[in-house]
């Protein structure tokens, strides 16, 4: 019973949250016009630029919802009949297809098999053949843990398309992100992933080129997620003045402000990325040490935030239900081509080296109990050896 109460959440989002971040939101009677809230919003907008490695030429947005609301708000930049290329490595890259097909634009798709990413050269060849207004990439595909080489991918298409959009929902705050240097027009994320904040916010930065598109009133966007409606609020809040379009998630923004203070001013982005890389690598060392296969097929495609683990004998769903009794919660595999064959480990946010050790030890015990053929004890040994380097 005690073990179940003391749970380690190694999920792909939401994730474990620092008490300090949670406490920042445990406040009563905070209105969206209060000075306390306006200051938290103002601070968060300024720090969002730093988070994405953008400068003052980029406009930050904090909008209610999550990663999907941030994604759909990109329709604010499109007009009827324009052509969009979706580059997808899995389920959440495919979400762009489902979003854009609700609107009067033309959608083409380049997709990869599970475990792989679409090569930058393949994307470059496609954008040279046809005129695309916008191309979307997914930095880390949450369904497989595959990391797209964003710098090279953007470079390959930058001179041939008007707008480059990157979904950084499972990367921002844990992977290298350089919106300005890489000339990305829209970089987006959500509060509940590597930033280690509860769900509730879609977070974006837009380049000058993207902001110019916002001036065109012929946009296909709807109402709630039209960034034109949110822009006056962002401008006013950044200037320290309360503003309103629709009620913001007040307490989530209070928590985001605290998290960004820790991420940027205390831990530092570079140190945070290195921590994620170390924990992720230690977990993968453990998985491979016990003799299991990782969904991502190439080491350069391994991400700092998600690892998909393939099982050969047992059903992945049974692993998930059994490991909860060990006090650890993992994420199910959601890619339809690998259904029942894999599970996912989320290692992002406030994740530590000790979390890696607990996770690998728990996975070993559960798989051994269920009858999966593993090298019992070799996984935790490999994790420890990696961390001891």
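The values are calculated or read from the model by the stated rules, or taken from the named source; none is laboratory data. On a predicted model such as this, the values are computed, not experimentally measured, just so you know. Cβ placement follows ideal geometry from the backbone for every residue including glycine, while neighbour counts extend to all protein chains displayed.
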Sort out which residues of the range 206-217 are farther than 24 Å from residue 102 by Cβ and buried (at least 21 other Cβ atoms within 10 Å of the Cβ), and write them in order of number. 207
Let me confirm something: among 231, 201, which residue is modelled with pLDDT of 95 or more, surrounded by 21 or more Cβ atoms within 10 Å (Cβ to Cβ) and under 21 Å from residue 73 (Cα atoms)? 201
Restricting the search to the range 100-124, which residues are in contact with a strand residue (DSSP E or B) (Cβ under 9 Å, 6 or more places away or on another chain) and not in a loop (DSSP other than H, G, I, E, B)? 100, 106, 107, 108, 109, 110, 111, 122, 123
In this structure, is residue 57 part of a helix (DSSP H, G or I), surrounded by fewer than 21 Cβ atoms within 10 Å (Cβ to Cβ), at pLDDT 95 or above and in the same structural domain as residue 191 (by TED's automatic domain parsing)? no
Residues being touching a residue at least 12 places away in the same chain (Cβ under 8 Å), surrounded by fewer than 23 Cβ atoms within 10 Å (Cβ to Cβ) and either out of contact with any helix residue (DSSP H, G or I) (no Cβ under 6 Å at 6 or more places or on another chain) or within 29 Å of residue 112 (Cα to Cα) (or both): count how many of those fall in the range 342-356. 3
Within the range 172-191, track down each residue that is surrounded by fewer than 19 Cβ atoms within 10 Å (Cβ to Cβ) and out of contact with any strand residue (DSSP E or B) (no Cβ under 8 Å at 6 or more places or on another chain). 176, 178, 180, 181
The range 218-227, subset surrounded by 15 or more Cβ atoms within 10 Å (Cβ to Cβ) and in contact with a helix residue (DSSP H, G or I) (Cβ under 8 Å, 6 or more places away or on another chain), residue farthest from residue 206 (Cα to Cα): 220
With the structure loaded, tell me whether residue 380 is farther than 16 Å from residue 318 by Cα and either crowded, with 21+ Cβ neighbours inside 10 Å or assigned by TED's automatic domain parsing to the domain that holds residue 140 (or both) or whether it fails that test. yes
Any idea how many residues of the range 7-23 are buried (at least 22 other Cβ atoms within 10 Å of the Cβ) and over 18 Å from the mean Cα position of the chain (by Cα)? 1
Those residues of the range 314-341 which are touching a helix residue (DSSP H, G or I) at 6+ places or on another chain (Cβ under 8 Å) and in a loop (DSSP other than H, G, I, E, B) amount to 314, 327, 330, 333, 334, 335, 340, 341
With the requirement that a residue be part of a loop (DSSP other than H, G, I, E, B) and under 19 Å from residue 229 (Cβ atoms), what does the range 29-54 give you? 32, 33
Being in the same structural domain as residue 53 (by TED's automatic domain parsing), in a loop (DSSP other than H, G, I, E, B) and within 20 Å of the chain's Cα centre (by Cα) narrows it down to one of 178, 131, so name that one. 178
